[in-house]
1. Does segment 193-211 contain any residue that is part of a helix (DSSP H, G or I), at pLDDT below 95 and over 20 Å from the mean Cα position of the chain (by Cα)?
2. One residue is enough: does segment 136-152 have a residue meeting the conditions free of Cβ contacts under 8 Å to residues at least 40 places away in the same chain and touching a Gly at 6+ places or on another chain (Cβ under 6 Å)?
3. Residues of segment 33-49 being open to solvent by 50 Å² or more (accessible area, probe 1.4 Å) and within 30 Å of Val117 (Cβ to Cβ), which ones?
4. Regarding Gly88, is this residue within 17 Å of His41 (Cα to Cα) and out of contact with any helix residue (DSSP H, G or I) (no Cβ under 9 Å at 6 or more places or on another chain)?
5. Out of the residues in segment 141-152 meeting the condition of being surrounded by 21 or more Cβ atoms within 10 Å (Cβ to Cβ) and within 21 Å of Ser105 (Cβ to Cβ), tell me which one is farthest from the chain's Cα centre (by Cα).
6. Among what's in segment 81-96 and is under 20 Å from the mean Cα position of the chain (by Cα) and open to solvent by 10 Å² or more (accessible area, probe 1.4 Å), pick the residue that is farthest from Gln133 (Cα to Cα).
7. I'm checking my understanding of the structure. Among residues of segment 50-75 that are open to solvent by 70 Å² or more (accessible area, probe 1.4 Å) and closer than 30 Å to Tyr154 by Cα, which one is farthest from the chain's Cα centre (by Cα)?
Amino acid sequence: VEGQHIRDVIPDHQLTTEAIRGVRIVDLRGRFLLPGLIDSHVHLATPPNRRQAEAVLRRDIYGGVTAVRDMADDMRSLGDLQRSSIAGEIPAPDIYYAALMAGPSFFTDPRTVQSSVGDTPGATSWMQAVTDQTDLPLAVAMARGTYATGIKLYANLSAPLAKRIVAEAHRQHMLVWAHSTLFPAKPSEVVDAGVDVISHACLMIHEASAAVPDDLKKKEEIPLAQFASGDSTVLEPVFAEMARRGTILDATVWTYGAIQTDTTSNPQIARRKCDDRIGGAITRQAYKAGVPISTGTDYFAPDSDRWPDVFREFDELVR
């Protein structure tokens, strides 16, 4: 190790007397070594808050998180954070991020307004409204020009349009990450579109819908009992196809428990909404089916917490 960088990792027998002359040797017998951890679902700039973002990134890197995947925010702020991390100006993991695409009706969401200040929501290169008439090669090229690693498909997208976006993004060597239900595209259709990762185990309940609405805001309530035991017949073929393709599930189980923590004063909350128990059962079924699972959080722990948010997701996945 030189400064903050690992210069090389080699077997003991390749170490020469010359190579280790004057270095400090740390005896790790009885200790554990972890690989660099990854938080596959963060939001560092909705809205941009540089002080908060730097605090979260510092907590991550000193807690063993060496890479994060930001799932679409204000790219102007994200790009600067990424540059500062690469340049070593701030203590931070490597930052990868997505440019967002969704149907035009999604861009009344206040988060898109926060992330497009000074411009028109849906008309920026990092958050684009797309339709069947959109010039997709140009749209993907604009997204790629933001230095994004992937495109995030969020909502209000049909299955055929999602499939076209994926094909064009892959042609231009970009990954595609998507919500597991795109309204109206349901999970099986999102997987069939060829996306590389789907996010949110709880959104997979809409596979059981007879007709998924074409607007995220109109989503219907789905009976949750059918998912609670982790052997849903509705999701079984979806997970089989994900395992075959190598499609990753970014489950974000912790966020569903963190948002709905107070079930004592109103126990009906957990029964009506998909929480970490249902999300956990869905994720368990996916894992048993051979689906790769990533550790995304999509939520912040209190600033008094000493450890990275991703530790919360690890705990949820274990339990």
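The values are calculated or read from the model by the stated rules, or taken from the named source; none is laboratory data. Bear in mind that the values here come from a model prediction, so they are computed numbers and not experimental data. Reconstructed Cβ throughout: ideal geometry from the backbone, glycine too, with neighbour counts over all protein chains shown. The area values use the complete protein model at the heavy-atom level, side chains included, leaving out ligands, DNA and RNA. Shrake-Rupley method; radii C 1.70, N 1.55, O 1.52, S 1.80 Å.
1. Let us first name the residues in segment 193-211 that are part of a helix (DSSP H, G or I), namely 201-208.
Keeping just the survivors that are at pLDDT below 95 gives none.
For segment 193-211, residues part of a helix (DSSP H, G or I), at pLDDT below 95 and over 20 Å from the mean Cα position of the chain (by Cα): absent.
2. no
3. To start, the set of residues in segment 33-49 that are open to solvent by 50 Å² or more (accessible area, probe 1.4 Å) comprises 33-35, 38, 43, 47-49.
Correct list: Ile38, His43, Pro47, Pro48, Asn49.
4. Details: within 17 Å of His41 (Cα to Cα): no; out of contact with any helix residue (DSSP H, G or I) (no Cβ under 9 Å at 6 or more places or on another chain): yes.
The answer is no for Gly88.
5. Step one: list which residues in segment 141-152 are surrounded by 21 or more Cβ atoms within 10 Å (Cβ to Cβ), which gives 143, 148, 150-152.
Restricting the remaining residues to those that are within 21 Å of Ser105 (Cβ to Cβ) gives 143, 151-152.
On the way: Ala143: 17, Ile151: 11, Lys152: 9 Å.
Among residues in segment 141-152 that are surrounded by 21 or more Cβ atoms within 10 Å (Cβ to Cβ) and within 21 Å of Ser105 (Cβ to Cβ), the one farthest from the chain's Cα centre (by Cα) is Ala143.
6. As a first pass, look at segment 81-96 and keep what is under 20 Å from the mean Cα position of the chain (by Cα): 81-82, 85, 92-96.
Okay, now just the ones that are also open to solvent by 10 Å² or more (accessible area, probe 1.4 Å), so 82, 85, 92, 94, 96.
Details: Gln82: 33, Ser85: 38, Ala92: 40, Asp94: 36, Tyr96: 29 Å.
Restricting to residues being under 20 Å from the mean Cα position of the chain (by Cα) and open to solvent by 10 Å² or more (accessible area, probe 1.4 Å), the top hit is Ala92.
7. So in segment 50-75, the residues open to solvent by 70 Å² or more (accessible area, probe 1.4 Å) come out as 50-52, 58, 62.
After this cut, where a residue has to be closer than 30 Å to Tyr154 by Cα as well, the list is 50-52, 58.
Numbers: Arg50: 20, Arg51: 22, Gln52: 19, Arg58: 19 Å.
Taking the candidates together, the pick is Arg51.
Residues checked against (1) among the β-branched types (Val, Ile, Thr); (2) open to solvent by 30 Å² or more (accessible area, probe 1.4 Å); (3) closer than 19 Å to Asp298 by Cα:
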site: Pro187; (1), (2), (3): no, no, no
site: Val191; (1), (2), (3): yes, no, no
site: Asp196; (1), (2), (3): no, yes, yes
site: Ala208; (1), (2), (3): no, yes, no
